[in-house]
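Asker: Just passing along the structure, written as structure tokens.
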Amino acid sequence: MRNIVKEIESKFSNHDDFFIEEELVDSSAIYLIGYKTLVDLTKSKLYVHQMAASTNSVKELFTNLSGQINVEAEQVIKAVLEGNLVVFSHNGEENAVVDPIVQNLRSSIAEPKNESPIYSSLDAFGEDINTNLGMIRKRLGSENLCHCSYQVGELEKRKLSMLYIKGRTPNALIEKVDHQLKQIKSDIETIDDLNKQFGQRRLSPVSHLFATELPIQAIHSLKKNRIVFFLDNCPFALVFPHLLGDMLSSVNDRNFPFILSFLLRIFRVIGAFATLILPALYVALVSVNPEVFKTDLALFVAKSREGIPLSAFLETIAMVVLVDLILEAIVRLPKSVGPAITMVGGVILGQAMVEAKLVSNLLVIVITAVVIASSAVIGMQNSLYIRLLKYPILILASIFGILGVCIGFIFTVIYLASLTSNDIPYITFQIGQKGDVK
């Protein structure tokens, strides 16, 4: 092969879905170049051989295949990135850019089920890893988008792909993650199995990985100097490392004017804060520090709790546990009965408990606000762990009152600040650009 082919091969050496295939046509060797995730190689080979059957020379074959013949190296690279098939002669002197038989990236693509994008594409990742990679390649046609593939597992070998942008993602992070992936010995059956490979966080509800089913979100994460994983038969892109900003900011926010985008993020901060604080604040003010209320408000609260046999802490614990059970049941139940359970659990049961004087009207309002607030943050896993962290603060509030609320919140912030993923703190909003373009 001539220097131009070697140059292209070197350029795409970090792209594991890039191919250079040698084919014999009329006793002459030709080279097919492209991306496996964008070009259907089997059908493209068949098409080239069919065209070769009706030609007398390689030069005539190239003329029949395409109108773009003998283009420069930069145009060849651009064509490959755009998903075209490039054919080279054996000596590298002749080439042709061919419109390929493309991979079908639409057959298994459906609308997202766990995320609701606004003013953006409704495509979602599927279970086929090559389709997912192709969706990223199609949207982000850059030669700096690198792809490394792995076979992980002992009994069950699964394909794992790592994507990053060379020159943006820190080289130290790439090398450390590559070493961790190559050390995997056990089977990777779930996302949490992969999560444990990046360092065990004992009793921690916060994952090293942030799952998204939206290609635009995965591409946005790549541009923000992070790594994206794809696991075969897993319809999600797994962004590493998972940062606090993932539950407060989404790429969809950028479709709105800056002031609206900023307000949305403020609302999510308020939602996370309200989820952590409101139940504990109710218990603290009602049972431990009622003197904080003005006289009129204290009388109103006392009247709302008149005849309730349970303490403020017990009724609050009962309600938050019941609501979390209802939310979990809605997720697990079929969609045909989920809304009915919501109606029974959220309206009928709540009304019945108030009329039976088991809980106060004020607590029902507080719990409803907490449910809405916890749903304002981005990502189901973030909503779940925020809901879990409210329990320690609630227990401290029942003992120490408002002081316990403050202590619990401070310890929660300290705990989140102590979390790291490969030495990158969880409370980081942007990873520094330390990569080197070669």
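Asker: For the stretch 348-362, list residues with backbone N below 17 Å from a point placed 7 Å from the Cα of Lys294 toward its Cβ?
Answerer: No residue qualifies, since no backbone N sits under 17 Å from the label point.
Asker: Can you show me the helix-derived [θ] at 222 nm for the chain, built from DSSP H runs with n ≥ 4 at -39,500 (n - 2.57) apiece and divided by the number of residues, rounded to the nearest 500. Numbers along the way, then the final one.
Answerer: On the way: 16 runs with 198 residues, N = 438.
Mean residue ellipticity at 222 nm (helix-derived): -14000 deg cm²/dmol.
Asker: Along the charge dipole of the chain, Cβ charges K/R +1 and D/E -1, which of Asn422, Leu24, Leu173 sits furthest on the positive end?
Answerer: Asn422
Asker: Now for a separate question. In the stretch 156-198, which trypsin sites (Lys or Arg not before Pro) fall in coil by DSSP and have 15 or fewer other Cβ atoms within 10 Å?
Answerer: Qualifying residues, ordered by number: Lys157, Lys185.
Asker: Right, next: Of Ile8, Ile191, Ile270, which has the most accessible area and how do the rest follow, probe 1.4 Å?
Answerer: Values: Ile8 0, Ile191 55, Ile270 95 Å².
My answer, sorted largest first, is Ile270, Ile191, Ile8.
Asker: With θ taken as phi - 60° and the coefficients 6.51, -1.76 and 1.60, list the Karplus ³J(HN,Hα) couplings across the stretch 208-222 in order, rounded to whole Hz; mark glycine and proline as x.
Answerer: Along the stretch 208-222, the couplings run 6, 10, 10, 8, 9, 9, 9, x, 5, 6, 5, 5, 4, 5, 4 Hz.
Asker: Another question, if that's okay. For the stretch 214-291 and the stretch 109-149, compute the distance between their C-alpha centroids and round to whole Å.
Answerer: Distance between centres, Cα-based: 21 Å.
Asker: Still on this structure: So which residue, out of Leu122, Leu363, Leu310, gets the largest mean-square fluctuation from a GNM of the chain using Cα contacts under 10 Å as springs?
Answerer: Greatest mean-square fluctuation among the candidates belongs to Leu310.
Asker: Sticking with this one: For the stretch 141-148, in order, what is each residue's ³J(HN,Hα) by Karplus, 6.51 cos²θ - 1.76 cosθ + 1.60 with θ = phi - 60°, in whole Hz (x at glycine and Pro)?
Answerer: x, 10, 5, 8, 7, 9, 10, 10
Asker: Could you work out what % of the accessible surface of the chain is carbon and sulfur, using a 1.4 angstrom probe and leaving DNA, RNA and ligands out of the count?
Answerer: About 58 percent, which is the carbon plus sulfur part of the accessible surface.
Asker: Something else about it: How much area per residue is accessible in the stretch 263-329 when the probe is 1.4 Å and only protein heavy atoms are counted (Å²)?
Answerer: Averaged over the residues of the stretch 263-329, the accessible area is 54 Å².
Asker: If you put +1 on each Lys and Arg Cβ and -1 on each Asp and Glu Cβ, how big is the dipole of the chain around its Cα centre, in Debye rounded to 20? If you can, show how the numbers build up before the last one.
Answerer: Details: 40 positive and 43 negative charges, 257 e Å.
The calculation lands at about 1240 debye.
Asker: Apply the a/c threshold of 1.5 to the C-alpha gyration tensor of the stretch 113-256 and tell me whether it is rounded, prolate or oblate.
Answerer: rounded
Asker: For the stretch 353-358, just list the computed ³J(HN,Hα) in residue order, Karplus coefficients 6.51, -1.76 and 1.60, θ = phi - 60°, integers in Hz, with x standing in for Gly and Pro.
Answerer: 5, 5, 5, 7, 6, 8
Asker: Of the listed values (1) 1.34; (2) 0.97; (3) 1.11, identify the label whose number matches Rg/Rh (Cα atoms, Kirkwood Rh) calculated from this model.
Answerer: Step by step, Rg/Rh (Cα atoms, Kirkwood Rh) for this structure corresponds to label (3).
Asker: On to the next question. Please give the charge dipole size of the stretch 181-308, origin at the Cα centre, charges +1 on K and R Cβ atoms and -1 on D and E Cβ atoms. Round to the nearest 20 debye.
Answerer: Magnitude of the dipole: close to 420 debye.
Asker: To continue, here is another question. In whole percent, what relative contact order does the chain give with Cα contacts below 8 Å and a gap of six or more residues? It would help to have the intermediate numbers written out before the result.
Answerer: Details: 670 pairs, mean separation 65.5, N = 438.
Taking the mean separation of contacting Cα pairs over the length of the chain, I get 15 percent.
Asker: Amide H of Ile227: which non-local residues (sequence gap of 5 or more, or other chain) have their own amide H closer than 5 Å, using H built in the peptide plane?
Answerer: Phe240
The values are calculated or read from the model by the stated rules, or taken from the named source; none is laboratory data. Bear in mind that the values here come from a model prediction, so they are computed numbers and not experimental data. All Cβ positions, glycine included, derive from the backbone under ideal geometry; neighbour counts span all protein chains shown. Heavy atoms of the whole protein, side chains included, go into the accessibility calculation; ligands, DNA and RNA do not. Shrake-Rupley method; radii C 1.70, N 1.55, O 1.52, S 1.80 Å.
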